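Have a look at this one.
The values are calculated or read from the model by the stated rules, or taken from the named source; none is laboratory data. Nothing here was measured: the structure is a model prediction, and the numbers come from that model. Because the Cβ atoms are built from the backbone with ideal geometry, glycine has one as well, and the counts that use them run over all protein chains shown. Keep in mind that these areas ignore ligands, DNA and RNA; they rest on the heavy atoms of the full protein, side chains included. Shrake-Rupley method; radii C 1.70, N 1.55, O 1.52, S 1.80 Å.
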Amino acid sequence: MPNRFSDWVTKIITVFKKEIKSEFRTRYAFNSLVMFAVVTLTVLSLAVGQFALTDSVKSALLWVVLFFSSMSGLAQVFIKEEERKTASILKLSALPYHIFLGKFFFNLILLFILEIITVPLFLILFEVRVQTWDLFLAVLFLGSVGLASTTTIIAAIVSKTDLKGTLLTILSFPLLLPVLGISIQGTKVAVTGAPFYSGFAEVKFLFSYIVVMLTASLLLFETVWME
Amino acid sequence: MLLIELENISKWFGERQVFENINLKLESPASLAIIGPNGCGKTTLLKIICGLIRPSRGKVRIKLDGQEVGKEAKRAFCSIVAPDLELYEELTALENLEFFTVLRDFKSSRAELNQKLEQVGLKDRGHEPVGSYSSGMKQRLKYAVALSVSPQVLILDEPSSNLDEEGIFLMEKLIENQKKDRLVILATNALKETQYAQQIFRLGN
C-alpha cells in the first residue's frame, strides 16, 4: 500500500512538474490569466471607484474577476493537449487519475499565483480593509480549490469540442454558482469584521463542495478522458 | 508469451461503418502488417488494439502467459509511433523521454536515456527543445520514446514517414530487435514496408 501510494504521488508530481515546465516556457495560460485580471480590476476601479460601494458589491467584484480569469486560462491544461496532439500518447502513458490530479494541482498553483497578484491590487484599488484575515484567507483558499477542481474537469470535457472557450463558461457557471455565492458571502463577512465563527457555515459549505466535486471528478474523469 | 486476440471488432463513426467483424490472433514473437486503401480504418484498428479508441462492437483481449490482463495493464503493454501522435515541443528530447518513462514505471538514469537517443541517432541533440527538430528527427524521437519502456507490443502507423535513409536503416534495426521476442503491428500504404512483417492483414476491399 505505501508503495502504491508513493507511486501515485510520484506520477502526479511528474505530470505537475511537466505542466509547470511547459507553462514556464510557453506562458500558454499565465499571461492571459494575469492580464485579464489586472485589466478588469483596473477598469472596474476607474469606472466605479468614485462611488461608495458596499462590502457585498466589493466582494462580488473580486470573485467575478477571479471567475472570468479562471475561464480565460485554466482550461488550457487540457485544450493544449488536444490542440497539440499530445493527448493520445499521454493517455497511453499514465492512468487518468494521475493526469487529472497533476493538472488540478497545476491549475490550483496557477490560481494562487494569480491571487497573489490580484488580491493585493483589489484591496488597494477598492480600498478594502479586511477585518478578519483568517476567515478571508480560508474562504479565498477553499473558493480557489473549488474553482480549480470544477474548471479542471469541465476543461477535460470541453477540450474535445469545437466551441471550447464558450462551452467552458456555459458549463462551469451553473456548477460554480454555489461556490461563487458562498465565497462572496464569506468574503463579505471577513471584510465587515465579524469573527471567524460567523463565517464558519461558509467554510464548511466550501469544504463539502470540494470533497464532492473532487470525488465526482475522479470518478468521471476516466470516461471523459478516454472517450 | 503474449497473445492479442481481436474478437468481432467493428467500428462506426456516426453512420459510417469503418470495418466489421475483424477477428485476429497474434502470439509473440510475431509481426503483422495491416494494409489497405486510404480510409479503410488501418489507423483506427491500431488505436483500438492499443486501447486509445473503443470499438463499437467486439473485444480486444491481451493475455500474458494465458492470463487475461486488465484494462489498465493493457495500455501499459503497448507503445505507438504514429504521425498524428506528437511529443511535447516545448520540452527537450531528454525531458520527453524522462517524462514518459517515469509515467510508465521505467526509472532510467540520464545515461540510459542518452543511450536511447543514441540508438536513434539523436545523441548530441538531447538538450534541444523538440520544437526545433525537423520532422524526421521528431519521428526518430518517437521511436526512442516508444522503445524506452521495452513494450511488449510495438504499434507503428506509417513507420518510415519523414525518415531519411539513415533513419529508415535505424528503424529497420529497431523493428528487427523487437520482432525477435515480442510483437510488432504496423499499418502502411507502402508495400515496401510490408517486408518488416511476417504476416499481412488486408483491410477494406
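So for the pair B:S56, A:I113, with labels modelled 7 Å out along Cα→Cβ, what separation do we get in nm?
Modelled inter-label distance: 4.5 nm.
Enter the angle in degrees (range 0 to 90, nearest 10) between the Cα long axis of helix B:135-147 and the first principal axis of the Cα atoms of chain B, meaning the one along which they spread out most.
Helix B:135-147 sits at roughly 70 degrees to that axis.
Can you tell me the relative contact order of region B:28-168? Whole percent, Cα pairs under 8 Å, sequence separation 6 or more.
28 percent
Within straight cross-link reach of A:K160, meaning Cα distance under 20 Å, which lysines are found once same-chain residues fewer than 8 apart are removed?
List returned: A:K80, A:K85, A:K91, A:K103, B:K11, B:K47.
Once you average over the residues of A:79-88, how many Cβ atoms of partner chains fall within 10 Å of each Cβ?
3
Considering only protein heavy atoms and a probe of 1.4 Å, how much of the accessible area of region B:47-128 is carbon and sulfur, as a whole percent?
Carbon with sulfur: 46 percent of the solvent-accessible area.
Could you do me a favour and compute the accessible area per residue for chain B, 1.4 Å probe, result in Å²?
Here the residues of chain B average 45 Å² of exposed surface.
Could you tell me the calculated FRET efficiency between B:S132 and A:Y197, based on Cβ-Cβ distance and R0 = 51 angstrom, to the nearest 0.05?
Efficiency computed from Cβ-Cβ geometry: 0.30.
Same structure again: Using only the Cα atoms of region A:86-161, each taken as one equal point scatterer with no solvent, compute I(q) by the Debye sum, divide by I(0), and report log10 of the ratio at q = 0.15, 0.26 Å⁻¹.
-0.65, -1.24
Return the distance in nm (one decimal) between the two label points of a simple spin-label model at B:L191 and A:M35, each offset 7 Å from Cα along Cα→Cβ.
5.5 nm
While we're on this one: Against the globular-protein guess of 2.2 N^0.38 Å, express the Cα radius of gyration of region B:69-205 as a ratio, rounded to two decimals.
Rg over 2.2 N^0.38 Å, computed on Cα atoms: 1.03.
Here is a further query. If amide hydrogens are placed 1.01 Å from N in the peptide plane, which non-local residues have theirs closer than 5 Å to the one on B:L186?
Answer set, sorted by chain and number: B:L32, B:A33, B:I34, B:L156.
Now a separate question. Could you give the size of the charge dipole of region A:2-226 about its Cα centre, using +1 on the Cβ of each K and R and -1 on the Cβ of each D and E, expressed in debye and rounded to the nearest 20?
Roughly 560 debye for region A:2-226.
Which FRET efficiency value, to the nearest 0.05, is calculated for B:I200 and A:T166 with the Förster distance at 60 angstrom and r the Cβ-Cβ distance?
That gives a FRET efficiency of 0.80.
Let me have the relative contact order for chain A, percent, based on Cα pairs under 8 Å that are six or more residues apart.
Computed over chain A, the figure is 28 percent.
Hey, another quick one. What residues of region A:4-33 lose no less than 10 Å² of accessible area with every protein chain in place versus their chain by itself (probe 1.4 Å, heavy atoms only)?
A:D7, A:T10, A:K11, A:T14, A:V15, A:K18, A:K21, A:S22, A:R25, A:T26
Once you have the alpha carbon radius of gyration of the protein assembly as shown, what is it after dividing by 2.2 N^0.38 Å, with N set to its residue count?
Relative to the 2.2 N^0.38 Å estimate, the protein assembly as shown comes out at 1.15.
What accessible surface, in Å², does a 1.4 Å probe find on A:W8, ignoring ligands, DNA and RNA and rounding to the nearest 10?
70 Å²
Can you tally the net charge around B:S109? Count Lys and Arg as +1, Asp and Glu as -1, for every other residue whose Cβ sits under 13 Å from the Cβ of B:S109.
Its environment carries a net charge of +1.
Which whole-number value in Å² is the accessible area per residue of region A:2-226, probe 1.4 Å?
44 Å²
Could I ask something else about it? Could you compute how much accessible area chains A and B hide from each other, both sides summed, with a 1.4 Å probe? Nearest 100 Å² is fine.
So the total buried area for this chain pair works out to about 2600 Å².
Roughly how tilted is helix A:30-48, in degrees to the nearest 10 and between 0 and 90, from the longest Cα axis of chain A?
Relative to chain A, helix A:30-48 is tipped by roughly 20 degrees.
Continuing with the same structure: Could you list the square roots of 5 times each eigenvalue of the Cα gyration tensor of region A:2-226, that is, the equivalent ellipsoid semi-axes, sorted largest first and rounded to whole Å?
32, 20, 15
Determine the shielding of peptide A:133-142 by partner chains: average, over its residues, the number of Cβ atoms on other chains within 10 angstrom of each Cβ.
0
Could I have the simple spin-label model distance between B:S109 and B:D181, label points 7 Å from Cα toward Cβ, reported in nm to one decimal?
If labels sit at B:S109 and B:D181, their model points lie 2.2 nm apart.
Here's a follow-up. Based on the mean of other Cβ atoms within 10 Å per residue, sort peptides A:67-78, B:126-137, B:50-61 so the most packed one is first.
By packing density, highest mean first, the sequence is A:67-78, B:50-61, B:126-137.
Just to confirm the number: angle between the C-alpha axis of helix A:133-158 and the first principal axis of chain A, 0 to 90 degrees, nearest 10?
It works out to around 40 degrees.
Could you state how much accessible area B:F201 has, in square angstrom rounded to the nearest 10, with a 1.4 Å probe and all protein chains kept in place?
Its heavy atoms expose roughly 40 Å² to the probe.
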